[in-house]
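First the structure, in the form of structure tokens, and then the observations on it.
The values are calculated or read from the model by the stated rules, or taken from the named source; none is laboratory data. Note that the structure is a prediction, hence the values are computed from the model and not measured. Note: ideal-geometry Cβ built from the backbone for every residue, glycine included; neighbour counts use all protein chains shown. Heads up: the accessible areas ignore ligands, DNA and RNA and are worked out on the full protein's heavy atoms, side chains in. Shrake-Rupley method; radii C 1.70, N 1.55, O 1.52, S 1.80 Å.
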Amino acid sequence: MDWRRFPSLGALRAFAALVDTGSFAKAGAMLNVSHAAISQRVRALEDELGVALLRREGRRSVPTPEGARLAAALEAAFGDIRRAVDELTGADASRALQISTTPAFAMSWLMPRLSEFRHDHPDAELMLNPTSDLVELTPGGIDVAIRYGTGHWRGLDAELLLPTTYVLVAAPSLLMGRRVTEPRDILGLPWLQEIGTSEMSTWLRDRGVIAPKKEDVTHLPGHLILEGLRSGDGVSVTARVLLERDLAEGRLVVLFEDALPDLGYYLVTRPGVMRKPLKEFVVWLRQHARG
């Protein structure tokens, strides 16, 4: 790297702090300098780069598109530096490992195995956040997410953990001998759909079938859909990997199955250095996924 072409680190820190806090005064307090010093450093950075990084909106200064791009790069870079320093000094070792995943995955796959991780790593403190929301991975916040999809989340590292197919399933007690050979055959059955999704209507529409009436649909959190399926309360579409035991033991049967490229549960982390508890958890996850 040609360090002679690198902008002043002080100016970069001032700009990053300004965008982070939204205030010249707060940025100055964060860096222990005056608000005038922040303003001077940001202006000097704009002069050095030859682009406007801020624009006025009333009394506020907000990033221009170029400023937003630089701010995002600085947040990632300074975050990596902070994590590396904490890793080297051990300052971050005692913070609880924060994990985000869907409620269905947490209940069906992760929780039955988690006691083994606790046994092997008794000093590790875990915080599990089961949610269907796409939670942001930020320094000091969520360390790792297990997400369902095809592996494309901008700015994050995604490693395929558990490949799976997409299945439409029901309990034998619900079918009562009903013959299901094509998608329209399920229209007379109640449907279970995860809150906030349109999986049911999308699955049917892709097959040229109009979705069932709204009164035939029950919206539930993901983990309750699994319980509803087992109880014979309806049919639903979900990841096969969550239901392998139910299928093997006959509690559920597959009516239709789709294999989509790259579909599965992904191990998602921020780029950069992993602290020790995260490294241990990632290694453990990989071992169990292979098993």
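Can you give the relative contact order of the chain as a percent, counting alpha carbon pairs under 8 Å and 6+ residues apart?
Numbers: 421 pairs, mean separation 63.7, N = 291.
Contact order relative to length: 22 percent.
Projected onto the charge dipole of the chain (+1 at Lys/Arg Cβ, -1 at Asp/Glu Cβ, origin at the Cα centre), which of Pro122, Gly228, Pro139 gives the Cα projection farthest towards the positive end?
Farthest along the dipole direction, towards plus: Pro139.
Computing the accessible area with a 1.4 Å probe over protein heavy atoms, can you report the carbon and sulfur percentage for the chain?
Details: 8560 of 16360 Å².
Roughly 52 percent, rounded to a whole number.
At a threshold of 8 angstrom on Cα-Cα distance, excluding pairs fewer than six apart, so keeping six or more, what relative contact order does the range 16-153 reach in percent?
That works out to 18 percent.
Find which of Ile38, Leu204, Thr150 sits farthest along the positive direction of the dipole of the chain, computed with +1 on the beta-carbon of Lys and Arg, -1 on that of Asp and Glu, about the Cα centre.
Projecting each Cα onto the dipole axis, the largest value belongs to Ile38.
If N is the number of residues in the range 189-280, what value comes out of its Cα radius of gyration divided by 2.2 N^0.38 Å?
Expressed relative to 2.2 N^0.38 Å, the Cα Rg reads 1.35.
Packing-wise, with mean Cβ within 10 Å as the measure, how do 231-237, 14-20, 4-10 rank, highest first?
14-20, 231-237, 4-10
If you fit an axis through the alpha-carbon atoms of helix 111-120 and take the longest principal axis of the Cα set of the chain, what angle between them do you get, 0 to 90°, nearest 10?
50 degrees
If you average 1/r over every pair of different alpha-carbon atoms in the range 66-190 and take one over that average, what Kirkwood value in Å do you get?
18.5 Å
Using a probe radius of 1.4 Å on heavy atoms only, what accessible surface per residue do you get for the chain? Whole Å² is fine.
56 Å²
Output the peptides 241-247, 184-190 sorted from most to least packed, where packing is the average of other Cβ atoms within 10 Å over each peptide's residues.
Result, highest mean first: 241-247, 184-190.
Counting only DSSP beta bridges with both residues in the chain, what percent are antiparallel, rounded to the nearest 5?
So the antiparallel bridges amount to about 65 percent of the total.
Skipping prolines and chain starts, which residues have an amide H placed within reach, meaning under 5 Å, of the one on Val144, given they are 5 or more residues away or on another chain?
Distant-sequence amide H within range of Val144: Gln98, Ser100.
Distance between Cα centroids, the range 1-67 to the range 190-209: provide it in whole Å.
Centre-to-centre (Cα) distance: 48 Å.
List, in order, the whole-Hz ³J(HN,Hα) value for each residue of the range 192-203 obtained from phi through the Karplus relation with A = 6.51, B = -1.76, C = 1.60 and θ = phi - 60°; use x for Gly and Pro.
10, 10, 5, 4, x, 10, 10, 4, 4, 5, 5, 4
With semi-axes √(5λ) of the Cα gyration tensor in Å defined as stated, name the option among (i) 30, 24, 22; (ii) 48, 24, 15; (iii) 39, 23, 17 computed from the structure displayed.
Comparing each candidate, only (ii) matches the computed number.
Using a simple charge model, +1 on the beta-carbon of Lys and Arg, -1 on the beta-carbon of Asp and Glu, nothing else, what dipole does the range 88-236 show about its Cα centre, in debye to the nearest 20? Present the calculation step by step, with values, prior to reporting the outcome.
Numbers: 13 positive and 19 negative charges, 137 e Å.
The calculated dipole for the range 88-236 is roughly 660 debye.
By how many degrees, 0 to 90 and rounded to 10, does the Cα axis of helix 35-49 deviate from the longest principal axis of the chain?
80 degrees
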